[in-house]
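To start, the structure itself, in structure tokens.
The values are calculated or read from the model by the stated rules, or taken from the named source; none is laboratory data. What you are looking at is a predicted structure, and each value in this text was computed from that prediction instead of being measured. Positions of Cβ are backbone-derived with ideal geometry, glycine not excepted, and every protein chain shown enters the neighbour counts.
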Amino acid sequence: MKILALERKRPGVADDACHPHLQAEARRAWDLHQAGVIRELYFRAESESAVLVLECAGPDEAQRALETLPLVERGLIAFDLIPLRAYPGFGRLFAGGD
């Protein structure tokens with residue numbers, strides 16, 4: 001199942017609190033990418049918030065994987081998870097006889 005993960009800052013966390021952990025964060029994200037858990041990784045154009053596409057059995061598995069990221073482990077960031085499903089609308093193109 002594809003899961004969209006949207007980073008959100010934790011209230012009260014200073015802007016520079018993440019900086020000492022960014023290399024470890026990138027290393028762990030790389031590990032999850034190599035394992036096929038993180039399929040895509042972006043930053044939003046208007047902010048430094050991460051947007052991830054994960055491939056997991058479900059939201060619980062995705063949450064467990066994200067909890068291994070150093071910034072999440074330290075309570076500096078969190079993610080909102082959105083389970084995705086394939087778009088079914090293309091079938092309408094071939095239904096009927098038009």
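Laid out as a table, the results:
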{"read-out": "Where a residue in region 30-51 is at positive phi and loosely packed, with under 14 Cβ neighbours inside 10 Å and its partner, wherever it lies, is at pLDDT 95 or above and among the charged types (D, E, K, R), with Cβ under 9 Å and at least six apart", "value": "Gly36/Glu55"}
{"read-out": "Residue in region 9-16 that is among the acidic types (Asp, Glu) and at pLDDT below 95 present", "value": "yes"}
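To keep it simple, each residue is scored yes or no on (1) in contact with a Pro (Cβ under 7 Å, 6 or more places away or on another chain); (2) not small (Gly, Ala, Ser).
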position: Met1; (1), (2): yes, yes
position: Lys9; (1), (2): no, yes
position: Cys18; (1), (2): no, yes
position: Gln23; (1), (2): no, yes
position: Asp31; (1), (2): no, yes
position: Glu46; (1), (2): no, yes
position: Val51; (1), (2): no, yes
position: Leu54; (1), (2): no, yes
position: Ala57; (1), (2): no, no
